[in-house]
Amino acid sequence: MKLLTEYAFKAIRTSGLTSVGVRGTNSCVVVTQKKVPDKLIDPQSVTQIYKITEKIGCVMTGKLADSKSCVIRARVEANDFSSKYGYAIPVHFLAKKMADIFQVNSQHAYYRPSGCMMILVSVDDEKGPQCFRIDPAGVFYGYKATAAGVKESEAMNFLEKEIKKVPEMDDKNTVETAIMALQSVLGAEFRSTDIEVGVVSGTGRFKKLNDGEIDDYLTSINERD
């Protein structure tokens, strides 16, 4: 099974995508590349960023089919928790639950590890902004900033330096830091159609930014440079 887990990590790297998650003072942001595999595909139907609940969002990196399966399972777990206990599932509990599921899949011969990595973000009522990364082996940690995908190591190095320089980030700075991390490791100037951005702020609601909102952040980054 160890070999299968290694293949799962390899599948994430060979997906050709890189994703970033950043936790700010009052918000969390996830950013990923947007690649449309065929010119005939409607770009609106291609996404790696998903809403799990009103307050929890995630970015998936890796095999698309596995990613969608994990998102559906996360939504089911969140709904079951809400129905049973009468309040929305905390993001740290959902992260642990998904990590347990990932880990079980790596232990049985009749399962296989999921070829994807999940970054969950939310603003918790008690703990504030939260960012968790769950890998195919079932390992999960809370992060100030994290990355997944083909340029994961380079992105983590960039984020480590940025977090040291600006330990307290407002909402705008959090979004710009996440986008800059992706730009830096890919060595590209983005257009709004090249990336996806998901934000959960002090209001507690997770949302995806539209092209106009992404353009505003890209313009601000260019003016900063």
- prompt: Which members of segment 169-195 meet the condition of being over 18 Å from residue 159 (Cβ atoms) and either surrounded by 17 or more Cβ atoms within 10 Å (Cβ to Cβ) or not basic (Lys, Arg) (or both)?
  reply: 189, 192, 193, 194
statement: residue 63 meets each of (1) in contact with a strand residue (DSSP E or B) (Cβ under 8 Å, 6 or more places away or on another chain); (2) closer than 25 Å to residue 210 by Cβ with one exception, condition (2)
query: Can we say residue 148 is closer than 22 Å to residue 5 by Cα, of a type in the set (A, V, I, L, M, F, W, C) and at pLDDT 95 or above?
result: yes
query: Among all residue pairs at least 6 apart or on different chains, which show Cβ distances below 9 Å where the first residue, located in segment 105-126, is farther than 19 Å from residue 93 by Cα and the second is surrounded by fewer than 24 Cβ atoms within 10 Å (Cβ to Cβ) and of a type in the set (Val, Ile, Thr)?
result: 106/5; 111/104; 113/5; 114/101
query: Would you say residue 213 is within 19 Å of residue 162 (Cβ to Cβ) and surrounded by fewer than 17 Cβ atoms within 10 Å (Cβ to Cβ)?
result: no
- request: Working only within segment 47-70, note down all residues that are within 21 Å of residue 200 (Cα to Cα) and either touching a helix residue (DSSP H, G or I) at 6+ places or on another chain (Cβ under 8 Å) or free of Cβ contacts under 8 Å to residues at least 24 places away in the same chain (or both).
  value: 48, 50, 52, 53, 55, 56, 58, 60, 61, 68, 70
field: Residues that are of a type in the set (Gly, Ala, Ser) and surrounded by fewer than 17 Cβ atoms within 10 Å (Cβ to Cβ), drawn from segment 94-110
entry: 109
query: Taking the condition surrounded by fewer than 16 Cβ atoms within 10 Å (Cβ to Cβ) and without any contact (Cβ under 8 Å) to a residue 40 or more places away in the chain, does residue 202 pass?
result: no
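A quick yes/no check of all residues on (1) surrounded by fewer than 16 Cβ atoms within 10 Å (Cβ to Cβ); (2) among the aliphatic types (A, V, I, L, M):
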{"residue": "60", "(1), (2)": "no, yes"}
{"residue": "67", "(1), (2)": "no, no"}
{"residue": "70", "(1), (2)": "no, no"}
{"residue": "78", "(1), (2)": "no, yes"}
{"residue": "83", "(1), (2)": "yes, no"}
{"residue": "92", "(1), (2)": "no, no"}
{"residue": "112", "(1), (2)": "no, no"}
{"residue": "129", "(1), (2)": "no, no"}
{"residue": "132", "(1), (2)": "no, no"}
message: Can you pull out every residue in segment 134-161 that is crowded, with 21+ Cβ neighbours inside 10 Å, outside any helix (DSSP H, G or I) and among the aliphatic types (A, V, I, L, M)?
response: 134, 145, 147, 148
message: Yes or no: segment 162-182 includes at least one residue that is within 23 Å of residue 61 (Cα to Cα), not in a helix (DSSP H, G or I) and not aromatic (Phe, Trp, Tyr).
response: no
field: So residue 204, is it more than 19 Å from residue 160 (Cα to Cα), small (Gly, Ala, Ser) and not in a loop (DSSP other than H, G, I, E, B)
entry: no
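The values are calculated or read from the model by the stated rules, or taken from the named source; none is laboratory data. Predicted model only: the values in this text are computed from it and were never measured. So basically every Cβ, Gly included, is an ideal-geometry build from the backbone, and we count neighbours across all protein chains shown.
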